[in-house]
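Read through the structure below, which is laid out as structure tokens, and then see the notes.
The values are calculated or read from the model by the stated rules, or taken from the named source; none is laboratory data. Nothing here was measured: the structure is a model prediction, and the numbers come from that model. No Cβ is skipped: glycine too gets one built from the backbone with ideal geometry, and neighbour counts run over all protein chains shown. Keep in mind that these areas ignore ligands, DNA and RNA; they rest on the heavy atoms of the full protein, side chains included. Shrake-Rupley method; radii C 1.70, N 1.55, O 1.52, S 1.80 Å.
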Amino acid sequence: MFRIKRLYLFILKTFLPLFFMTFAICLFIVLMQFLWRHIKDLVGKGIEIELLAELFFYAALSMVPLALPLAILLASLMTFGNLGERLELLSIKASGVSLIKMMRPLIITIVIISVAAFFFQNDVLPKTQVKMYSLLYSMKQKSPELEIPEGVFYDQIKGYNLYVKQKDRETGILRDIIIYDISDGFENAMIILADSGRLKFTDDKKYLFLTLYGGESFENLKDQRGATGSVPYRREVFSFKDILIPFDAGFNRMDESSMADQHIGKNITKLKSSIDSMTLKVDSIGMDIGNDLKRSGYYNLTNRPSLSIAPPQHNPIRDFDIDEVYASAPIQQRENWLNRALTRARNVKQEYEFKSYNADAQKGMIRRHEIEMHKKFTLSFACLIFFFIGAPLGAIIRKGGLGTPIVISVFLFIFYYIIDNSGYKMARDGVWPVWEGIWLSSAVLLPLGIFFTYKAMNDSSLFNKDAYMNFFKKVFKRHLTRKLELKEIVMDDISDSEMLQRVAELDKTCKAMQESCGKGIQNFISYWRKGVDMALLDRLRNETEGFVEYATNTRSKLVILKLMDYPILRKSFFYSPCRGNSKIGTVAALILPLSIPIYLVGLFEQKDLKRELGVIRKTNTEITFLVEKEMKEKENNETI
């Protein structure tokens, strides 16, 4: 009987609630972003709650590809961050369970989610997008809800501008009405003034029925102008007048069949079929343009059925000299010929540009279909990548909750979103091949996921700031001091005479190093050909560290304090870039673009090295004095 291990159940129970919670939060955030983007098309149109709920439902399903990778990243980061913060991760590793084995149930879960995401992208999302965009387009086309304000012109009725000075909310009477009727154009505009009126919809909600009382109208009748060119003018005074204004206030739903034929409404099978048919169409358009160019004779091309070349024949039309005919013609005739040739060339250019536009449009549609086909796979792959980024990161930083994980997740997702959008635009505009643009974000994040997983498996201190500080301190060697303490128990006693001998040998080597470095500034060529004697420097470093290690067994606190004055000598690239190889150094000095900046940094490093050598010799002298003083005190004590 198959049974799931307790550890796997524990990991799943920790991950799944966080995943569902973060997915709901991410989906809500991207849905709010969709709402703010389209709010101007929805507000003020009297759209029913049921239609808005339907739109938001389809929009939420369409936003799943955007919310799912972010939810996986955040949930995996929080899961392993919580385990690390509560020391559960440490306990599991201490019991002999590796990180990969710990992640095994989640890897299987994410693979299942990725497969489901692919079928969702291929089968569910096209139908959802068709319904969403059809409904959204229908809402955009709906006329706004009629709400005429007081004291300003209302222009939301097509072909009319309506002004109402005052409204009676209880009776619905409009007072001091001005109507500009421009439905027949500005040249046939009509102005209507009325003392009062009443406005209501017809029963079918397609017309406004306006009843006016006590007013007059003014109208130009330009279409009825007489033979003299004068424009007739009409003025009408009325006590009662009815006006019927077209205004469709109902909601007309768009037919989904036209939207289903777009690239967003097709699965992989339909996308491949459309790409093949459009590619064949583009090829036929290009072939037609090429055949037209061959038949035109503009480029001296012939439409020969075979590769055999016919023998040249005498052609009297081609044998005469065109330049001679042009030069002998009158100036007016030459100008005529040039204008005709220029006009003909422009017409031909415009003709073939127009033909190429159709081919370019078809190529753009092909790219959009290819983009949509590749996006069916990128969502599933992005889910896997974000899991292998989030889980190792959580194991490394060991911070749970919503603080640090949200900051890291948002930063990584913005990085992914920018790269993904850039690649999408490159692919859409034809700058890059479609597969390069669409898979760019995955190609960038995949090495990041591999790197984080490797670091987490090896318990790397990737985000330990002390490790980075120590690294830079070693590189730049600033503020590095020895920390020594007097030993309470000394296993091996040291000899004062041997200590003095070691100090003398160290001082001798240090003096040789000083002489090797010289007193002045090393010139440019000598720096690149020779630099600092690295072998002698290694010898001095080893002697210094050996002496300090030996001298820490002393029982004198003053000697211990003085030993801490010895600088920590380091290996620096800038001491000798070519490690004494004169040939390579000469070539590098002459060719390398950064040879002068490196030389300047090297001079600064050599100056610092000379200072350290002086500190070593000074410390040698002081330690020698302290040891000799202690030896005299011991002799005096023995004499007494």
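Using a 1.4 angstrom probe on the protein heavy atoms only, could you order Val601, Val434 from most to least accessible area? Display every interim value, and only then the final one.
On the way: Val601 60, Val434 10 Å².
Largest accessible area first, the list is Val601, Val434.
Peptides 257-265, 34-42, 579-587: what's the order by average Cβ count within 10 Å, highest mean first?
Numbers: 257-265: 16.0, 34-42: 12.7, 579-587: 14.3.
So the order, starting with the most tightly packed, is 257-265, 579-587, 34-42.
List, in order, the whole-Hz ³J(HN,Hα) value for each residue of segment 87-95 obtained from phi through the Karplus relation with A = 6.51, B = -1.76, C = 1.60 and θ = phi - 60°; use x for Gly and Pro.
Result, ordered by residue: 6, 6, 5, 5, 5, 5, 5, 5, 7 Hz.
Round to the nearest 10 and report in Å² the accessible area of Val43, as given by a 1.4 Å probe over the protein chains' heavy atoms.
Around 100 Å² of this residue is reachable by solvent.
With equal scatterers on the alpha carbons only and no solvent term, can you work out the Debye log10 of I(q)/I(0) for the chain at 0.05, 0.07, 0.09, 0.10 1/Å?
Log10 I(q)/I(0), no solvent term: -0.60, -0.90, -1.06, -1.12.
Taking only protein heavy atoms into account and a 1.4 Å probe, give the accessible area per residue of the chain in Å².
Working: 39460 Å² over 640 residues.
Accessible surface, normalised per residue, equals 62 Å².
Which whole-Hz ³J(HN,Hα) couplings does segment 535-540 yield from phi under the Karplus relation 6.51 cos²θ - 1.76 cosθ + 1.60, θ = phi - 60°, glycine and proline marked x?
Karplus values, whole Hz, x for Gly and Pro: 5, 5, 5, 4, 5, 5.
Any chance you could give the angle, 0 to 90 degrees and rounded to 10, that helix 268-296 forms with the longest Cα principal axis of the chain?
Its long axis makes an angle of about 70 degrees.
Taking the Cα atoms only, what angle lies between the long axis of helix 6-38 and the longest principal axis of the chain, rounded to 10 degrees?
For 6-38 against the chain, the angle is about 40 degrees.
As a check on your grasp of the helix formula, calculate [θ] at 222 nm for the chain: sum -39500 (n - 2.57) over DSSP H runs of n ≥ 4, divide by the residue count, round to the nearest 500. The partial results should precede the final answer.
Details: 21 runs with 394 residues, N = 640.
Result for the chain, helices only: -21000 deg cm²/dmol.
Could you derive backbone 3J(HN,Hα) for segment 121-132 from the dihedral phi with the Karplus parameters 6.51, -1.76 and 1.60 (θ = phi - 60°), listing whole Hz in sequence and x where the residue is Gly or Pro?
In residue order, the calculated couplings are 4, 8, 10, 8, 4, x, 5, 5, 5, 4, 5, 5 Hz.
Rolling a 1.4 angstrom probe over the protein chains, ignoring ligands and nucleic acids, what is the accessible area of Leu12 in square angstrom, nearest 10?
For Leu12, the solvent-accessible surface is approximately 40 Å².
Using Cα-Cα distances under 8 Å and only pairs 6 or more residues apart, what relative contact order does segment 499-640 have, in percent?
Details: 127 pairs, mean separation 51.5, N = 142.
Relative contact order, segment 499-640: 36 percent.
Could you put Ile100, Ile450, Ile419 in order of accessible surface area, largest first, with the 1.4 Å probe and the full protein assembly present?
Working: Ile100 65, Ile450 105, Ile419 25 Å².
Highest to lowest solvent-accessible surface, that is Ile450, Ile100, Ile419.
Treating the beta-carbon of each Lys and Arg as +1 and of each Asp and Glu as -1, no other charges, what is the dipole magnitude of segment 1-98 about its Cα centre, to the nearest 20 debye?
540
Using modelled amide H (1.01 Å from N, peptide plane; none on Pro or chain starts), what sits under 5 Å from the amide H of Val532, excluding residues fewer than 5 places away?
Residues meeting the criterion, in which the H sits 1.01 Å from N, are Ser576.
Heavy atoms only, 1.4 Å probe, whole protein assembly: order Leu563, Leu27 by accessible area, highest first.
On the way: Leu563 0, Leu27 35 Å².
So, going from the largest accessible area down, we get Leu27, Leu563.
Projected onto the charge dipole of the chain (+1 at Lys/Arg Cβ, -1 at Asp/Glu Cβ, origin at the Cα centre), which of Leu594, Val434, Leu536 gives the Cα projection farthest towards the positive end?
Of the listed residues, the answer is Leu536.
Nearest 10 degrees is fine. How inclined is helix 465-476 to the longest principal axis of the chain, computing both from alpha carbons?
70
Would you mind computing the Rg to Rh ratio of segment 3-131 from its alpha-carbon coordinates, Kirkwood style for Rh?
Values: Rg = 19.1 Å, Rh = 17.0 Å.
With Rh from the inverse mean 1/r over Cα pairs, Rg/Rh is 1.12.
Under a Cβ-only charge scheme (Lys and Arg +1, Asp and Glu -1), can you give me the dipole magnitude of the chain about the Cα centre, in debye to the nearest 20? Write out the running numbers ahead of the final one.
Values: 85 positive and 72 negative charges, 354 e Å.
Taking the Cα centre of the chain as origin, the dipole is about 1700 debye.
What is the distance, in nm, between label points placed 7 Å from the Cα along the Cα-to-Cβ direction at Leu193 and at Lys270?
Spacing of the two 7 Å Cα→Cβ label points: 6.0 nm.
Counting only protein heavy atoms and using a 1.4 Å probe, what share of the accessible area of the chain belongs to carbon plus sulfur, as a whole percent? Before the final figure, lay out the partial values.
On the way: 23310 of 39460 Å².
For the chain, the apolar C and S fraction of the accessible surface comes to 59 percent.
With every atom except the alpha carbons ignored, what do you get for Rg and Dmax of segment 79-164, in angstroms?
28.7, 82
Accessible area of Phe388, 1.4 Å probe, to the nearest 10 Å²?
In the full protein context, Phe388 sits at about 60 Å².
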